[in-house]
Structures are given as structure tokens and as C-alpha cells.
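The values are calculated or read from the model by the stated rules, or taken from the named source; none is laboratory data. Computed from a predicted structure; not experimentally measured. Methodologically, a virtual Cβ is constructed for each residue, glycine included, from the backbone with ideal geometry; neighbour enumeration extends over all protein chains shown.
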Amino acid sequence: MGKKPNRAHRAAKRRARQGDADLWAAQGTETPEQVANALAAAALATAQGDAGVAGRCAAGLGDPLTPQLEQGADLAAQRIIAQVLANGWLPGDIEQAARRRVDEFAVAYLRDVLATYMAAYAPETIDDTWREQLAGMRVWWSATRPHLGQWADRHLLTPVEAATTVIQALGLLVQLPKLELIRPLPGTAHGTGSTHHADEKALTRVRGLLAKAESTSFPEEAESLSAKAQELMTKYALDRVLIEAAGPAPDLPGARRLWLDTPYTDAKALLVEVVTRANRCRAIFASTWGFTTIVGDEDDLDAVEILVTSLLVQATRTMIATGDPAVGDEHSRSRSYRKSFLLAYATRIGERLAAATEATIADAADRERLLPVLASHQARIDKAFDTLFPAVSPKRTTIPSAAGWDAGRAAADQARIER
């Protein structure tokens, strides 16, 4: 008796799916505008959790690809991407989110959507950050044919597969929340849009020190090199703020987003936070999407990004190599151990970076002049951060493994923090 209702239920679901596909095919898809609306509706349903609607809509729209479908896909994609970009998402952010949420075909499609959107803007009106992030996104297809068909051929997709991918890609875009606008939108930038005058010689020295720290198998050597890198970055920053204080009003602080790879993004975000704080910046973590937004002077942002990248490499390598001898390798590979390791590593690194920064300031030749300049500099960063993020709430993190915590602090004591 129990099997009949199950069979009846499955049959009803099949009929509903077929009816849904027939509906997409039969109603309101005669013109590109109507197809665009149908694709947008299916994308919204996908974003709301209907995993099967993309396939049903794609099947209903037909095979082969019609001109209406190709033109409708372009219309829907350009409308949605324009809104997402106006909501503060940068091209690199969209690509990072796509790599984490959709398949490689949807990622490739979104790259082309961005290339299409940007083609309408004169290069001189595009901010440098946008230009850098768009460097690998270009219009490769012929203008004599619609994009969708050429894109499907390039990726060896059937018409239904291509249409399904379009809906899934647009479904991701529909999910993206409104973010803070941290760079000028295309068409509004003036000149190069760059106020960045990094000392490449200093950054090259920092990168060299940290590359050695990442490659050495001796923890003590890694620690020494990382500490030297932090000292070098701080000295360069102190010289810079004194020079800026003697000149005209400094440029507004910059901002950028650092995307963190899973797993343990909250522990990695703590590492970003402590490095950021030691280098005169502010940070906030968007846990749902896995990125941290950092506010600070562009040179300091460069320093933070370089040091965070290196320390994550060092932490991950040591975490994998280090086990808890008291409980065996199985525990040392557990999520609780590794998360605790990274949290402890970040906490201890923060202590060491703060101490290194304070020591460098204490040893500065012009310390009495430097301290009020640093205070003014920090006030400017805080004001910019509070303007972007007026409501910030702290988040507590639990430590699930004492052994992982102890191992993480020990590893941080041996990490290289020089720059």
C-alpha cells in the first residue's frame, strides 16, 4: 500500500515538470523581450532555491537556439549585470563568487557578460582596479552572430545545456546582495583613476623575504624572515605618512576585497584582521560570501595583501605537517583541530605583528612628530571605514580543540613576518 502513493507522487511531479516546460514553451516567449523576462523569472526562482527550474525553462524554450532566445539572453544578462555592478560588485568579485557557487561553464558565461558590458565604455573612463580585474575578459566572439550560439559551440554545449547554464549564471547574479561602492563605476572615473604610488623597490624586498619564509623548512628561519618583512613595511609606511603630512591633503583611503578559500574562512578572516590592524587599516568579514573588505591607504593595502597571502601559505603548510602526538594523526586532520590551529595562529601572529610595529615606532628618529601624524592618519581611516560600514557587530568564535590551539600558537611563534 505504501508504494502506490509514492509512485503516484512521483508521477504527479513528472507531470508538473512537463507542464512547467510546456508553459515556458507556449506562453510569452515569442519576442526577445518576452524571452528575457522568462529567463529573469527562472533565474529568480533558481536563486530562491528551485534547483530544477533552470532545466525546465531551458527545455521549454526549445532546441535549436532561436534568435529570440539568443537576443533574450543578451537582454536579460545585460540588465542584471548592470544592476549588480551598480550595487557595488566589482568584476573580480563576481568571478570569485561564481567560482564558488556555479560550474565552469557559468563562470565562462559571466566573464563574457562582463566583457560585453564593459565594451560600451571608453577606456579612459574606467577605473584602474576595474581594468586590472577585466584584463582576462575580452570580446572574442564575432559581431556578425549572436554571442550565445558561438559561446555554446565553443564549450560544446547543446542548446538546452547552454540555456540552462545561462539561467544558473543569472540566478547567481540575482542572489548577490548590495555591497558598498568602493571603486568608481565605469563611465565615472577620470584619468586613470589611480592615486597609488607604491614603492616597488620596497615591495620587491618584502616579497623576497616572504618567498624565503614560505620555502624554508626551518621554522625559526621563517619566523625571522617574516618579522623582518613586517619591520620593513612599517618603516616604509612611517616614512610615507610623514611625507604626506608635510604636503597637501592626502587622498581618500582606498578599499579592496580579499576573497578567502574554504574551509575555515572565519579563522582565515581573523588572520586578515590582525594583519590589517597592525598595518594601520580596518577590515570587515562577509561570512556568507567569504571575503573581507579592507579600508586603508593603497600602499598599506598592498602590504596587507602580500603578508596575508604569505602567512596563509605558511600556516597551511605547518598545519598539515603538524599533528598532535597525544591523540594521533586522525585528530590532527580533524576539522576542529585545524580550525583551532588557524585561530590560534592568527591570534599569536596578531600579537607578534603588533609588537613589531610598536617597536619600530618606538625606535623612529622623529617619534614625537610621528605619533600625532599616525593618530591623524588612523582617524582618517576610521572615518572612511565608519562611512562605508556604519553598523558593525563583532562575532564570537569558539575554540573546538585545545591541542589545535596550542599547536597553532607554537607555529605562529615560528612564522616569518618580515616584509
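Before moving on, here are some points about what is shown:
Let's see how each residue does on (1) at pLDDT 95 or above; (2) out of contact with any Phe, Trp or Tyr (no Cβ under 6 Å at 6 or more places or on another chain); (3) not in a helix (DSSP H, G or I):
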{"site": "R56", "(1), (2), (3)": "no, yes, no"}
{"site": "D63", "(1), (2), (3)": "no, yes, yes"}
{"site": "I80", "(1), (2), (3)": "yes, yes, no"}
{"site": "Q83", "(1), (2), (3)": "yes, yes, no"}
{"site": "W89", "(1), (2), (3)": "yes, yes, yes"}
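- Within the set L270, L258, L242, the sole residue that is farther than 23 Å from T204 by Cα and assigned by TED's automatic domain parsing to the domain that holds A315 turns out to be L270.
- Selection count where residues are surrounded by 21 or more Cβ atoms within 10 Å (Cβ to Cβ) and either closer than 14 Å to G350 by Cα or modelled with pLDDT of 85 or more (or both), scope segment 214-224: 1
- Counted residues, segment 45-65 - those being touching a helix residue (DSSP H, G or I) at 6+ places or on another chain (Cβ under 7 Å) and on the phi > 0 side of the Ramachandran plot: 1
- For segment 233-254, the set of residues classified as closer than 30 Å to T288 by Cβ and crowded, with 21+ Cβ neighbours inside 10 Å consists of P253, G254, listed by residue number.
- Here A283 fulfils each of the conditions (1) over 24 Å from E351 (Cβ atoms); (2) free of Cβ contacts under 8 Å to residues at least 24 places away in the same chain apart from (1).
- All of (1) of a type in the set (D, E, K, R); (2) assigned to a loop (DSSP other than H, G, I, E, B); (3) crowded, with 16+ Cβ neighbours inside 10 Å hold for R257 with one exception: (2).
- Applying the condition of being acidic (D, E) and exposed (fewer than 12 other Cβ atoms within 10 Å of the Cβ) to segment 103-131 and asking which residue is nearest to A51 (Cα to Cα) yields E104.
- Residue in segment 277-297 that is surrounded by the fewest Cβ atoms within 10 Å (Cβ to Cβ), counting only those that are of a type in the set (S, T, N, Q) and farther than 13 Å from A237 by Cβ: T288
- E124 modelled with pLDDT of 95 or more, among the acidic types (D, E) and closer than 28 Å to Q83 by Cα: no
- Flag if K268 is closer than 24 Å to I320 by Cα and modelled with pLDDT of 85 or more: yes
- Among the numbered conditions (1) assigned by TED's automatic domain parsing to the domain that holds L61; (2) outside any loop (DSSP other than H, G, I, E, B), the only one that R205 does not meet is (1).
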